[in-house]
Amino acid sequence: MDMYLASVLTNMTLIAFLALSAYLVLVVGEVSFGQQAFFGIGAYITASATALAGAHVFWGLLAGAIGGASCALVLGLLTIRLSGIYFAISTLCFAELLRFFLLHLRFTQSVDGRIIGPDGPEGFSNIRWIFENNYQVTDFLLLAVTCLIILLIVLFSLERSPIMLGARMVGNDPILAQSQGLNPTRYRLSFITLSGAVAGFGGGLFALFNTHIEPAMFGVMLGIHGLAYAVIGGLGSAIGPLLGVFLDIGLLESIRSLAAYRMIIFGGLVALLLVFRPEGIISPRLVSHLKSRWRNRHV
Amino acid sequence: MLEVRNLVKHFGGVRAVDGLDFKIQQGEVFGLIGPNGSGKSTTVNLVCGVFAPTDGEILLDGIDLGAIAPHNRVDAGVARTFQNIRLFSELTVWQNLWVAWRDQPGQEQGWVSNWFGRSPARRQEIQKLLEFSGLGDKADHLAGNLAFGEQRRLELARAMASKPKLILLDEPAAGMNSAEIKDLCQRVLAMKEMGMTVLLVEHVMELVMNVTDRITVLNFGKPIAQGTPIEIQNNKLVQEAYFGSAENAHGGVS
């Protein structure tokens, strides 16, 4: 496979984790501008675990996911009484707080003559797992896609369960959901935590693939992109955010002649979609409609 | 069955409900009326747990509802409809009922059929409820696409689906025309015949006077009268609360 194609596909897969984590928060009715921080925390933890502590990559990624989830849980607990724009602003502040923490984080070690570890704004270099294990770009792509497919299987089984239905109910109308016997707070906390785990895991993969990470990578623009992919793709199904990622990175970045105009086209695309399909391409309405048509045909 | 004792709710300096007492008997349709801002909807929200009371007790069959978390009150036996229609508009009519559904005590389905939504007996029951509500052929429509009257009927059906001990109807006739109000009267009376206990909060006197057994009248958060519909219509205090002074109230309340 073409190296360039493989690396674009890998990037898409990694960003898909971020978009899916934004999606999980959107499902319970909140907008988060802070998913990039969980992504970054996951990246740092996985990098530290594999490069510094020499842990197996599986444990490294797991630690990244748990780290992301813990930070998200803290955010969820802090914002337990907030919603709407107030919640959104809080997520942004919390994410910037975590990024500043990373900017000041220094504990470098010398391993085999190389300086390894977080070094303030310089970031974390020499994450050599991918070289040590002789991973080609295509091998890594395979690993990332496998992880994404496992996540999608989990999300799809969730989608068919009362849990996701409950989450959508809470997202739609918390007071009504409460009157139907659902605990909105519990749903919100669980989904925000889950979103942190997904972002943290994706961040871990990102660190392994990039071999160098720095706090500047996890700025607010990254989170806004992830959020935009979820919103463009639509909240009807986990396929939505993937479609958003595919449209932006896949379609626009891969047409090289457009490279310089990419952000212009992306911005225009977002504006057009907000006018013509404000609920996203795969909206809940569309999914509901398709499901009932499918049911009618098979009854 | 429902007993409200000295219920008080203050919003800052506003005394929305200020010392309310009433008792509802099993199988009764109980009306709660009063001018705008007299605390009727606040009372419903207190019983459902949307707000926590400042003071006082709400007992359902002797159990203190204050000790039950708001989201557990539907399983404790309190169901409601909303003044402004609240439905999951992106779910179908069927799904709206499915999520509200509680099996009759003693006939619960296991979590497996709950999870996968495949219980033929329950499907039949829900279909029956849809027929009762005049929505038999709308099961697969999105709730948001229904007509106004149909949405009201769906709210009512949803409240019934949870097999509550007590149903709170918060201004169910708001925005209805007179034909729809007549239809609603029939439905509430049918619910009463099925043995349900109803707390009706309403402005539309045509509905209140025709279906309730007893009425409490609120003004500025305080109960000013209690009695049968006839007694209430002839009560001087009630006429004053609605019309300012008794001299001008020649036509009665209805």
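Here, each number is a calculation from the coordinates, and none is a lab measurement. Quick caveat, the model's predicted, so the values are computed rather than measured. For neighbour counting, all protein chains shown are included, and Cβ atoms are generated from backbone atoms with ideal geometry for every residue, glycine included.
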If I fit a long axis through the Cα atoms of helix A:84-103 and take the longest principal axis of the Cα atoms of chain A, what angle between them do I get, 0 to 90°, rounded to 10?
10
Share of Cα-Cα pairs in chain B beyond 28 Å, whole percent, is 35
Quickly estimate the mean residue ellipticity at 222 nm for chain A, helices only: each DSSP H run with n ≥ 4 gives -39500 (n - 2.57), and the total goes over all residues, rounded to 500.
-22500 deg cm²/dmol
Can you tell me the relative contact order of segment A:143-299? Whole percent, Cα pairs under 8 Å, sequence separation 6 or more.
17
So, in Å, what gap is there between the alpha-carbon centers of segment A:27-41 and segment B:117-142?
39
On the Cα set of segment A:154-282, report Rg and Dmax in Å, please.
17.2, 54
Computed over chain A, the relative contact order (Cα-Cα under 8 Å, seq sep at least six) in percent reads 32
Taking the Cα centre of chain A as origin and charging only Cβ (+1 Lys, Arg; -1 Asp, Glu), how large is the dipole, in debye to the nearest 20?
1020
Compute the FRET efficiency between residue A:274 and residue B:181 as 1/(1 + (r/R0)^6), taking r as their Cβ-Cβ distance and R0 = 45 Å, and round to the nearest 0.05.
0.65
Using Cα pairs closer than 8 Å and at least 6 residues apart in sequence, work out the relative contact order for chain B, in percent.
27
Net charge (Lys, Arg +1; Asp, Glu -1) of residues whose beta-carbon lies under 10 Å from that of residue B:10, residue B:10 excluded, is 0
Computed over segment B:121-238, the ratio Rg/Rh where both radii use C-alpha atoms and Rh is Kirkwood:
1.02
When the dipole is taken about the Cα centre of the protein assembly as shown, and only Lys, Arg (+1) and Asp, Glu (-1) are charged at their Cβ, what size is it in debye, to the nearest 20?
600
Tell me the Kirkwood radius of segment A:3-298: reciprocal of the mean inverse pair distance over distinct alpha-carbon atoms, in Å.
19.6
Label point distance in nm, residue B:127-residue A:224, each placed 7 Å from Cα along Cα→Cβ
5.3
Specify which residue in the list A:1, A:239, A:221 is farthest towards the positive end of the charge dipole of the protein assembly as shown, using unit charges on the beta carbon of Lys, Arg (+1) and Asp, Glu (-1), about the Cα centre.
A:1
List the extent of the Cα atoms of segment A:41-165 along each of their three principal axes, largest first, rounded to whole Å.
51, 35, 20
Projected area averaged over orientations for segment A:132-217, convex hull of C-alpha atoms, nm²
7.5
Using Cα springs under 10 Å in a Gaussian network model of chain A, which residue among A:39, A:131, A:201 shows the largest mean-square fluctuation?
A:131
Report the calculated FRET efficiency for residue B:213 and residue A:291 (r = Cβ-Cβ distance, R0 = 41 Å), to the nearest 0.05.
0.40
7 Å from Cα along Cα→Cβ at both residue A:139 and residue B:236: what's the point-to-point distance in nm?
9.7
In deg cm²/dmol and to the nearest 500, what is the mean residue ellipticity at 222 nm of chain B if only DSSP H runs of at least 4 residues count, each as -39500 (n - 2.57), divided by the residue total?
-10000 deg cm²/dmol
Under the rule of at least 5 residues apart or a separate chain, name every residue whose amide H is placed under 5 Å from the amide H of residue B:19.
B:7, B:8, B:9
What residue among A:156, A:22, A:39 has its Cα farthest toward the positive end of the dipole of segment A:3-298, where the charges are +1 on Lys, Arg and -1 on Asp, Glu, each on the Cβ?
A:156
Summed over the other residues with a beta carbon less than 13 angstrom from that of residue A:176, with K and R at +1 and D and E at -1, the charge totals 0
Using the Kirkwood formula over every pair of different C-alpha atoms, what hydrodynamic radius in Å results for the protein assembly as shown?
26.5
Give me the net charge for the shell around residue B:213: Cβ to Cβ below 11 angstrom, other residues only, Lys and Arg +1, Asp and Glu -1.
+1
Per residue of segment B:123-133, what does 6.51 cos²θ - 1.76 cosθ + 1.60 with θ = phi - 60° give for ³J(HN,Hα)? Whole Hz please, x for Gly and Pro, Karplus curve as stated.
4, 4, 4, 5, 4, 4, 5, 4, 4, 4, 8
How far, in nm, would the chain grow between residue B:148 and residue B:194 when pulled straight, counting 0.36 nm per residue and subtracting the alpha carbon separation?
14.0 nm
Expected vector for segment A:182-199, Karplus 3J(HN,Hα) from phi with 6.51, -1.76, 1.60 and θ = phi - 60°, integer Hz, x for Gly and Pro, equals 9, 9, x, 4, 5, 4, 4, 4, 5, 6, 5, 4, 4, 5, x, 5, 5, 5
